[in-house]
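The values are calculated or read from the model by the stated rules, or taken from the named source; none is laboratory data. Bear in mind that the values here come from a model prediction, so they are computed numbers and not experimental data. Using ideal geometry, Cβ is built from the backbone for each residue, glycine included, and neighbour counts are taken over all protein chains shown. SASA here: full protein model, heavy atoms, side chains in, ligands and nucleic acids out. Shrake-Rupley method; radii C 1.70, N 1.55, O 1.52, S 1.80 Å.
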Amino acid sequence: MKIGFGADHNAFHFKEELLAYVKELGYEVVDFGAYSEEDIDYPNIAFQVSKAIKDKVIDRGILCCGTGIGMAIAANKVSGIRAAQIFESYGAQRAQLSNNAQVITFGAFVQGIASAKELAKEYLANGFQSGTGSERKINQICQYEQQTHGE
């Protein structure tokens, strides 16, 4: 599985450590930036990672900013993308199992790196459970998105 990473300057070091860990787990990684602590706005990074998922360049994404909130909001603006901010193990599992979230987000200012590593590992170890009530709900979201965005 190929995982895209992105961060703003606030989470640069956080992303670097998390990316190295995921790579150690055996996943292929693609770094979409930030590449330094130089100021960079998060929306473009979130859009790039989300578009790469839509274009099947990568399979999933992990985005980091100060709180994780901005990245989640921006990623969710890309049609067809479901991004979830993760804080605990059950949410990390359900992001995939129930919600088929292609992107998870973390906040470098509000979450420790050790926690983020464990949650990323949990998220990546799970896949979507098709044929469940969750799939019906995801389909409803996708249908609404298609109706309102004409896709």
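The table below gives the values:
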quantity	calculated
Given 14 as the ceiling on other Cβ atoms within 10 Å, longest exposed-site-free region of the chain for chymotrypsin sites (Phe, Trp or Tyr not before Pro) in DSSP loops	36-108
Sum of -39500 (n - 2.57) over DSSP H runs of 4+, divided by residues of the chain (222 nm, nearest 500)	-15000 deg cm²/dmol
Carbon and sulfur %, accessible surface of segment 57-151 computed with the full protein complex present, 1.4 Å	50
Theoretical FRET efficiency, 1/(1+(r/R0)^6), r = Cβ-Cβ of MET1 and ILE69, R0 35 Å, to 0.05	0.85
Solvent exposure of segment 45-108 as accessible area per residue, Å², 1.4 Å probe	37
Residue-by-residue Karplus 3J(HN,Hα) for segment 98-107, coefficients 6.51, -1.76, 1.60, Hz, glycine and proline x	9, 10, 6, 6, 7, 10, 10, 10, 10, x
Selection of GluC sites (Glu not before Pro), segment 1-110, meeting DSSP coil and at most 13 other Cβ within 10 Å	GLU37, GLU38, GLU88
Percent breakdown of C-alpha pair distances by 5 Å bin, ordered from the shortest bin, for segment 1-87	3, 18, 28, 27, 19, 6, 0
Cα-based Rg of segment 43-84 normalised by 2.2 N^0.38 Å, two decimals	1.01
Cα long-axis angle, helix 133-149 against the chain (0 to 90 degrees, to the nearest 10)	90
Segment 39-151: C-alpha gyration tensor shape, a/c 1.5 cut-off, then a/b vs b/c	oblate
Under-5 Å amide H pairs with THR105, H placed in peptide plane, nonlocal only	LEU63, ALA84, GLN85, ILE86
